[in-house]
1. Filter segment 437-481 down to the residues that are in a loop (DSSP other than H, G, I, E, B), surrounded by fewer than 15 Cβ atoms within 10 Å (Cβ to Cβ) and β-branched (Val, Ile, Thr) and list them by number.
2. Can you tell me which residue in segment 531-545 is most open to solvent (accessible area, probe 1.4 Å), limited to those that are free of Cβ contacts under 8 Å to residues at least 60 places away in the same chain and either over 24 Å from TRP454 (Cα atoms) or assigned to a helix (DSSP H, G or I) (or both)?
3. Being over 12 Å from GLU655 (Cα atoms), open to solvent by less than 80 Å² (accessible area, probe 1.4 Å) and touching a Lys or Arg at 6+ places or on another chain (Cβ under 6 Å) is the requirement here; does SER604 meet it?
4. For segment 370-396, name all the residues that are among the aliphatic types (A, V, I, L, M), farther than 19 Å from GLU433 by Cα and part of a strand (DSSP E or B).
5. I need the full set of residues from segment 176-193 which are within 18 Å of ILE75 (Cβ to Cβ) and touching a Lys or Arg at 6+ places or on another chain (Cβ under 7 Å), in order please.
6. Which of the residues belonging to segment 482-499 are of a type outside the set (A, V, I, L, M, F, W, C) and in a strand (DSSP E or B)?
7. Show the residue pairs that are 6+ apart or on different chains and have beta-carbon atoms under 6 Å apart, the first residue being within segment 77-106 and in contact (Cβ under 8 Å) with a residue 40 or more places away in the chain, the second being surrounded by fewer than 16 Cβ atoms within 10 Å (Cβ to Cβ) and of a type outside the set (Val, Ile, Thr).
Amino acid sequence: MWTTKTFLKKRKGSVLKIVREHYLRDDIWCGSDICTICAHQNEELVLEKNPQPKNKKFPFPHYIVLDTCVVLNQINVLEEDALCNVIVVQTVLEEVKHRSSSVYKRLLDIVGNPNRKFYVFVNEHHKDTYVEREPGEKVNDRNDRAIRVSVAWYESHLMSSQADRRKRDRVKVILLTDDVDSKQKAENEGLHVATISDYVRNVEDCPGLEDRLSQHNTTYELQAGGREPLFPAHFTPSQIHQGIKSGKLLQGSFLASRENFLEGQVNVEGQDKMILVQGRVGLNRAVDGDIVAVKLLPEEEWSVPSHMVLQDEGDDSDVLEEENAILKSKDERVAKLPTGHIVGIIRRKWRQYCGILQKNPIEGSVRHIFVPAERKVPKVRIETQQADILSSQRIIVTIDSWPRNSRYPLGHFVRALGTIGDKDTENEVLLLEHDVPHSKFSEAVLSCLPKLPWVITEKDVQSRVDLRHVDICSVDPPGCTDIDDALHCKELENGNYDVGVHIADVSHFIRPGTAIDKEAALRATTVYLVDKRIDMVPELLSSNLCSLRGNEERFAFSCIWELTSEAEIVSTRFCKSIIRSRQAMTYEEAQIKIDDLTQNDTLSKSLRGLNSLAKILKKRRIENGALVLASPEIRFQVDSETQDPIEVEAKKLRETNSMVEEFMLLANIYVAIKILEDFPECAMLRRHPKLPVSNFEPFIKAGRNLVCYQPLSVYTATIHCKINQGICMVLVT
């Protein structure tokens, strides 16, 4: 069977009529183990024959059908194991895919878990459940009708297979929807229907499930005594579009202040200066990262940033007092900034936030305040019945909405991370807040790894330059296991030096487009914490096969020069190589070899040659205008058993640190030259332009508040800033 879909499409001034055939089938299975009609394969029997009723409102065996809004708004609830035997119709799956890729991926993960019993029913190609869009009918209304038709079909289809069951034991189908109109129509059609919140609140033996309900459609109730809304209404999308088109509104990214919760700036592309927004009306419910529409005020109403450090610690009655304090704290000597008001939200950038629960002092209340770990993010109102437990834990909360009459946005509890102050918990908060991917590597990624034992074959030797006879060594911080670079230096008969930088050849093990390549691109770098690291690639590569460990043969990519004693480049060559590092040294060990003139072995001589050449290279580089941005680094001494930090010390910088740095820079320079010569269309220049003066304003602002305390006297610091070629020189007197 087939039908056709016809629609018109405008293209380059002409109108195209497009006709698509839509095939319908009668052999699409229902997925239920009850069914005696469909010719299922065993793996297609997803829905249980006897689903256990665990709902007080629906105390009979049942399957659940979800509508699109339930999936989009309540994915956190759906991820809990409490909801099983769920039918996801194709209409919903397609709508979710087009409206939220992140929710779609999470839904697919649930469907792919066989323990959850989620079945995708292809209703759009079933002859009995496909529905045509009626004239004048909106797309959303047609899709809602298609979902209800699927529910009715399941009820009828399953009933014919349950004639021998008692009435109370027959499996029924329940539609979960938060759409008022669709719910009313389902009831009129005799279907079992409920809102997701009504269903979840009646689920038995699942404490905490209700806390995960999104408050997306919740209306925040005003306290007794009623008042005007706290915030102005946002412009509609059409008003924003017209305003931006006419130039009356500007579009930009909102950046909240960490120091003052009633202040922020909007970064508008093409504008030299950010637009300052202040006060409750100015910020108008924008959250850090949101793409907003801002209306610029007349120049006589422009303002300057406040010098106050203001944390949100009061209730709604304190807001006016705090805004007045901001106005009084301004320094009129500072040039005013373009100032405006946020009038609409173009795109929300809400995410899941880590923080703690601030319990409501009213005993028995379920409404509490969530305090985010990131000070740029406002507090969030949530409802939970687990406040006594969660108040001592780090938790994750997501924002659902921000009504005009609520000082804080509304959100819901997602999950607990662990006890406040626990090392693993606090590490998890750090990783989540900085969006560091740190989950275990998937099976797809691990399947890309080479099989052990790994050996170098004769074919490998023939396709690479064999440098195993060269005395190569590595110099790294103590405890380093991912040794990705090594060096060598050998004096030639003509008095010049043969110098090489050897980088672990990761590309041999990671091929473009593979699962491990995509995962490495997602992680981008290895992240180091005090007591552990988050690897970019699995440990077999990072700490073994792609680590240039001492006395082990490894694949490398080598950049080799002939240099004069004055560090002038005579020639350069590149090759894929096989190396065997003679020793993996720390900076301190390498420095001892250089300084101890009694040591005259090959490695000691090599290091001395490298060090002398590096000094010349660095001096020349700085004379040519290189900017030295190095700052003191610290390292942690950790307990060998517990891995707890026991001491913090500044890293000692030795000549060997600079030695390694100079040759890594030299290798980068000559690799860049080679790429530009051979692949000019693929060569990309990283340029550091002169920084705009506005970039230094937060620093200058912080400097004005700098106070130096001395015994018996207090000296206010005066900051003199000179901005020249992107360098800020500061004199504190």
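The values are calculated or read from the model by the stated rules, or taken from the named source; none is laboratory data. Treat the numbers as computed from the prediction; the structure is a model and nothing was measured. Here the Cβ is made from the backbone with ideal geometry for all residues, glycine too, and neighbour counts use every protein chain on show. The accessibility values were calculated without ligands, DNA or RNA, using every heavy atom of the protein model including side chains. Shrake-Rupley method; radii C 1.70, N 1.55, O 1.52, S 1.80 Å.
1. VAL455, ILE456, THR457, THR481
2. Out of the qualifying residues, it is GLU539.
3. Working: over 12 Å from GLU655 (Cα atoms): yes; open to solvent by less than 80 Å² (accessible area, probe 1.4 Å): yes; touching a Lys or Arg at 6+ places or on another chain (Cβ under 6 Å): yes.
For SER604, the condition - over 12 Å from GLU655 (Cα atoms), open to solvent by less than 80 Å² (accessible area, probe 1.4 Å) and touching a Lys or Arg at 6+ places or on another chain (Cβ under 6 Å) - is met.
4. The answer is ILE382, and nothing else.
5. Going through segment 176-193, the residues within 18 Å of ILE75 (Cβ to Cβ) turn out to be 176-179.
Matches in segment 176-193: THR177 only.
6. Here is the first cut: in segment 482-499, the ones of a type outside the set (A, V, I, L, M, F, W, C) are 482, 484-485, 488, 490-491, 493-498.
Residues satisfying the conditions are ASP485, HIS488, LYS490, GLU491, TYR497, ASP498.
7. Close Cβ pairs (under 6 Å, with a partner that is surrounded by fewer than 16 Cβ atoms within 10 Å (Cβ to Cβ) and of a type outside the set (Val, Ile, Thr)) amount to ALA82/CYS206.
Every residue, every condition in (1) under 22 Å from ALA194 (Cα atoms); (2) crowded, with 21+ Cβ neighbours inside 10 Å; (3) at pLDDT below 95; (4) of a type outside the set (Lys, Arg), yes or no:
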| position | (1), (2), (3), (4) |
| --- | --- |
| LEU83 | yes, yes, yes, yes |
| ILE87 | yes, yes, no, yes |
| GLN90 | yes, no, no, yes |
| VAL131 | no, no, yes, yes |
| PRO135 | no, no, yes, yes |
